[in-house]
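Only one structure is covered here, and it is reproduced in the block below.
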Amino acid sequence: LSAPFPVNIPFALFSLPFWGAGLMMVYKFFFHFFGRICLRLNPEQISLTWELFAWKFYRPRASPKQSINKLVYIPKHFTKDSEGTRIAVSAQLDIWVGVKKYQLGGSDGAIKSEAELEWLAHELSGWLGLPITNPMKS
């Protein structure tokens, strides 16, 4: 960046992805220790918020409860990567509202326990009157 003005613009643009990756690593570090994920389901709507200190990020935005159309529970399983190494894949619960997906568990989810995810899936299934879909069973 200390190069003369017209020459430094390509260098600055080249460095932007690295700054973005570095900031994302700092965010993940702080979120791991100080953040939380809150699923709120009430008779009117469903919302998923990621909270870090005083900031709240709604990912995805709140949706009406009546629009929930599918519950997908994927239990912990193993798969192989391109080199043939066996990899464990964490349990995951997906709540589908139209084309939006509220994801709990998985590799970066807040709920790490497979038993908790399975319990939540059954509770939601009973409350919403929806069957639990398991794509692992064909």
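Values in this text are rule-based calculations from the coordinates and carry no lab data. Fair warning: this is a prediction, and the values are worked out from it, not measured in the lab. Cβ: placed from backbone, ideal geometry, glycine included. Neighbour counts: every protein chain shown.
Observations on the structure shown:
- Bins of 10 Å from zero: percent of alpha-carbon pairs in the chain: 10, 30, 28, 18, 9, 5, 1
- Over the chain, dividing the summed -39,500 (n - 2.57) contributions of all DSSP H runs of at least 4 residues by the number of residues returns a 222 nm mean residue ellipticity of -11500 deg cm²/dmol.
- Spin-label pair F53/K101, simplified geometry with 7 Å Cα→Cβ offset, distance in nm: 3.2 nm
- Stretch gain in nm, segment W119-T79, where the contour uses 0.36 nm per residue and the Cα spacing is subtracted: 12.0 nm
- Close amide H partners of T133, meaning residues 5 or more places away or on another chain with modelled amide H under 5 Å apart, are L71, V72, Y73.
- Each label point was placed 7 Å from the Cα along the Cα-to-Cβ direction; for S15 and S67 their separation is 4.2 nm.
- Segment V26-L39, length gained on full extension (0.36 nm per residue, minus Cα span): 2.3 nm
- Phi angles across the stretch 63-79 convert, under the Karplus curve 6.51 cos²θ - 1.76 cosθ + 1.60 with θ = phi - 60°, into 3J(HN,Hα) values of 9, x, 4, 5, 7, 5, 10, 7, 10, 10, 10, 10, x, 4, 8, 10, 9 Hz, Gly and Pro given as x.
- Annotation: amide H-H contacts under 5 Å for V89 (H modelled 1.01 Å from N, sequence separation of 5 or more, or interchain): H77, F78, T79.
- Of the cross-linked pairs K56/K76; K28/K70; K65/K101; K65/K100; K28/K65, those separated by over 23 Å at the C-alpha level are K56/K76; K28/K70; K28/K65.
- For the chain, the longest principal axis of the Cα atoms and the long axis of helix 114-128 meet at an angle of about 60 degrees.
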